[in-house]
């Protein structure tokens, strides 16, 4: 047995001991504390759930290069606590400190963290600029003679920042997330400079979804600091449901980063294989994560996941058995549409970013409630006659495509909703500079996807934003999976 394997076994035994001593939520020592996380349910803005997690100072004497399952669960709790609070949604478009950071602030207080700093939580959720809300707080650990610094980017309830998720850019890093990560690292560096000069620092960094992508990039930056204020083994980075933020070096992408460098093995990315969002940006564009990436093997403990999900939500978890296959199908369809990142960045990125910003920009109604727009057509009307002509041309091409395909083999006829979706999307592309040939290819690929899958309505978009695949991105599912797992052995490591 190698030294690394021995360390991992000892780490697991330690984590199991911590868990067993805390199962009744009675701390066995002063450094063990259970904390309660509140967050809005993913499918509603009217209710929130609560879940308890174990925090222990015993996590951090270990090297950050040793995975700790109990620390991973605590990290997930912190990442979810960073979401905008339920109460603050009543002031969706308000530019002020209205308590969006309330839940993570409560966790810091319960765990004895101090010098809490909050960044961008006062920005209105209609603000789509390239940023992320995040927090930094510190906790002196007397027994170890070091200061633990927690850094948590927000990954839920971030409104029109959604527009930035589509801004991939033409560089090695996802443009929007990289800009946000640089802001996090800059603020953290200044924060640490303000601590006692003789205090050793350990950094606990975590994030969920968009926050996870930012945390992944920030952790990689911290692993190679310009100033030696911390050591890589003192960085504990755990991300969940994170999209891919960086182009990985390969023969096809020699310009990329060496993401597989063991230096980054203190970064753990935890993924639900049925969740479509971590499959973006596309792998064939070279995108990947820094560090070690694990995915759940839910087939090994699916009944336990259902039990944990029911405890958390008081609802049944009915996993879609086709979710993994459909996620791969969506990725393959997008690859066929945009085999080249440059094509996406030049022609589609602007309209998708604008459209996402439009969808997540809310306006107050007569009663003062902030209302989200949902109409694709409403967004499209701004193009006037040019838009209408493009839509009509797309519909003609689509009907011709259907007729040709029907002669070749029997296919499921497109529904009126599917037909309208394809035509609108294709017209979006044309008014933003796609050639007629490129537009025809988009129509062909999308028509094939809808007909081969028998999908109805806004199937591709609905799967990603409102359907059963979106459920697989919910933090409630990740929490249930993490609580149902015994240890690292129930992960599958991604290449």
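The residues in the stretch 172-188 that are in contact (Cβ under 8 Å) with a residue 40 or more places away in the chain and either within 14 Å of residue 281 (Cα to Cα) or in contact with a helix residue (DSSP H, G or I) (Cβ under 6 Å, 6 or more places away or on another chain) (or both) can be counted, and the count is 10. Residue 449 fulfils the conditions (1) modelled with pLDDT under 75; (2) more than 17 Å from residue 338 (Cβ to Cβ) except for a single criterion, (2). Give me the residue from the stretch 27-67 that is modelled with pLDDT under 90 and under 30 Å from residue 234 (Cβ atoms) and, out of that set, nearest to the chain's Cα centre (by Cα). The selected residue is 32. Per this entry, residue 188 is not counted among residues that are buried (at least 16 other Cβ atoms within 10 Å of the Cβ), touching a strand residue (DSSP E or B) at 6+ places or on another chain (Cβ under 6 Å), in the same structural domain as residue 239 (by TED's automatic domain parsing) and assigned to a strand (DSSP E or B).
Quick one: which of 132, 107 is crowded, with 23+ Cβ neighbours inside 10 Å, in a loop (DSSP other than H, G, I, E, B) and touching a strand residue (DSSP E or B) at 6+ places or on another chain (Cβ under 9 Å)? Lay out the reasoning, then the answer.
Numbers: 107 fails: in a loop (DSSP other than H, G, I, E, B).
It is 132.
Tell me, please, whether a residue that is modelled with pLDDT of 95 or more and within 22 Å of residue 198 (Cβ to Cβ) can be found in the stretch 119-128. The answer is no; no qualifying residue exists. Look at (1) buried (at least 20 other Cβ atoms within 10 Å of the Cβ); (2) at pLDDT below 95 and you find that residue 171 fails only one, number (1).
At least 3 residues being in contact with a helix residue (DSSP H, G or I) (Cβ under 9 Å, 6 or more places away or on another chain) and modelled with pLDDT of 75 or more is the threshold, and among the strands (runs of 3 or more DSSP E) wholly inside the stretch 291-379 those reaching it are 292-296.
The values are calculated or read from the model by the stated rules, or taken from the named source; none is laboratory data. Everything numeric in this text was worked out from a predicted model, so none of it was measured. Ideal geometry is used to build each Cβ from the backbone, glycine not excepted, and the neighbour counts take in all protein chains shown.
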